[in-house]
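Note sheet for the following structure.
Read-outs: derived from the displayed coordinates by stated rules, not from any lab. Please read all numbers here as calculations on a predicted model, not as lab measurements. Cβ placement follows ideal geometry from the backbone for every residue including glycine, while neighbour counts extend to all protein chains displayed.
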Amino acid sequence: MRYTVKQFQADYPNDDVCLDTIFQNRYGDVKDCPKCGVVDTKFYRVKARKCYACMHCGYQLHPLAQTIFHKSETPLTSWFYAIYLFSVSKNGVAAKELERHLGVTYKTAHRMARQIRKLMEDDSDILGPDVEVDETYIGGVRKLKHGKFDNKSVVFGMVERDGQARTFHVKSSGARVLLPVIIRDVAPNATIYSDEWNSYKSLPRYGYTHTTVNHSKLEYVRGIAHTNTIEGYWSQLKRSIDGTYHSVSPKYLQTYLNEFSFRYNLRGVAVYPVLLGQASKPFAVVS
């Protein structure tokens, strides 16, 4: 479950080892050249370049192409250490912290953080059989006249009991927005626990067992009916955003939600090997 900094330093001492790791994660043991078709060929590292060439025809494989490392001049050891910091942090890693750790500019650190969060996009299975749902509000600008916040971002969350979490930045907390998300991501015939928000009242029409607690009457637990799991999740999320990032713009809010859901969902395993495996896969690179 733990992956310590001593293990990290021993496993990835230099850029060559990091590049070999990405090559192995992406291509495995390449046996056939895709160009010349020679069986059981070998690919050798091209000197002074971040690529590997077939021993027969010279066809090159570029393991960094279309990954988060694509066209980056930052050393791979710095990238790997940044990923390690994200993997061991409980509350996230700010770009200013990366700047201090890695000795790079803030612009570089900010881009690295965005790229690493790209690895944390949710692709888990549908949720069930017992799921708590709730909505919350993040950010906004304080109105001086009334002392209240305006323009808050609506965040909708679903958490399995003893299972996975999934959170989304949504346009509103209305039924037309929330119900399609629930139907898409929660298994049919699941039991859904919520407060008495109107948007959830029609859930039984879609085959769900729906149980509520009435927070307005200070009812928080009734037998097995409660939303304490997702309330605890919101508490950790908001403390992390307030303490680490201080504020998050609506434009990038979903990437931060992905980060915390990813960390929550992998709370029982070592996160670093998972992130490193994701980093070796090609995807649309963030500009």
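Please order HIS246, HIS56 by the number of other Cβ within 10 Å, starting at the fewest. Present the calculation step by step, with values, prior to reporting the outcome.
Numbers: HIS246 8, HIS56 13.
Ascending Cβ contact count within 10 Å gives the list HIS246, HIS56.
With the Cα gyration tensor of region 1-67 giving a ≥ b ≥ c as the square roots of its eigenvalues, does the rule (a/c under 1.5 for rounded; else a/b larger than b/c for prolate; else oblate) give rounded, prolate or oblate?
prolate
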Which of the lysines could a cross-linker bridge to LYS171, judged by Cα under 24 Å and excluding same-chain residues fewer than eight apart?
-> LYS118, LYS143, LYS148, LYS152, LYS201, LYS238, LYS251
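Would you calculate, for the chain, the mean residue ellipticity at 222 nm contributed by helices, counting each DSSP H stretch of 4 or more residues as -39,500 (n - 2.57) and dividing by all residues, to the nearest 500? Working shown, then result.
Values: 9 runs with 100 residues, N = 287.
Counting only the DSSP helices, I get -10500 deg cm²/dmol.
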Alpha carbon centroid spacing (whole Å) that separates region 67-96 from region 195-256 | 31 Å
If you put +1 on each Lys and Arg Cβ and -1 on each Asp and Glu Cβ, how big is the dipole of region 1-116 around its Cα centre, in Debye rounded to 20?
-> 300 debye
Using a basic spin-label model with each label point 7 Å from the Cα along Cα→Cβ, how many nm lie between ARG239 and TYR27?
-> 4.7 nm
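Taking the Cβ-Cβ separation of HIS101 and ILE126 as r and a Förster radius of 41 Å, what is the calculated FRET efficiency to the nearest 0.05? Walk me through the intermediate numbers first.
Details: r = 38 Å, r/R0 = 0.92.
After rounding, the FRET efficiency stands at 0.60.
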For region 258-268, in order, what is each residue's ³J(HN,Hα) by Karplus, 6.51 cos²θ - 1.76 cosθ + 1.60 with θ = phi - 60°, in whole Hz (x at glycine and Pro)?
-> 4, 4, 6, 5, 4, 5, 5, 5, 10, 5, x
Labelled set [x] 33; [y] 37; [z] 19; percent of Cα pairs over 33 Å apart computed from this model equals the value at [y]
Charge dipole (region 99-253, unit charges on Cβ, about Cα centre) - positive-most of SER153, HIS226, THR167 = SER153
Between LYS35 and ASP20, the two model label points (7 Å from Cα along the beta-carbon direction) sit apart by a distance in nm of 2.4 nm
Region 59-64 - phi-based ³J(HN,Hα) in whole Hz, Karplus 6.51/-1.76/1.60, Gly and Pro as x | 4, 9, 10, 10, x, 8
Run the dipole for the chain about the Cα centre, Lys and Arg Cβ at +1, Asp and Glu Cβ at -1, nothing else charged, and hand back the magnitude in debye, nearest 20.
-> 1000 debye
Beta bridge orientation in region 130-265: antiparallel %, DSSP, nearest 5 = 70 percent
Under-5 Å amide H pairs with TYR220, H placed in peptide plane, nonlocal only | none
If you take the beta carbon distance between TYR220 and HIS246 as r and set R0 to 35 Å, what does 1/(1 + (r/R0)^6) give as a FRET efficiency, to the nearest 0.05?
-> 0.75
Among THR41, THR211, THR244: highest mean-square fluctuation, GNM of the chain, C-alpha pairs under 10 Å | THR41
With both partners inside the chain, how many of the DSSP beta bridges are antiparallel, as a percent to the nearest 5?
-> 75 percent
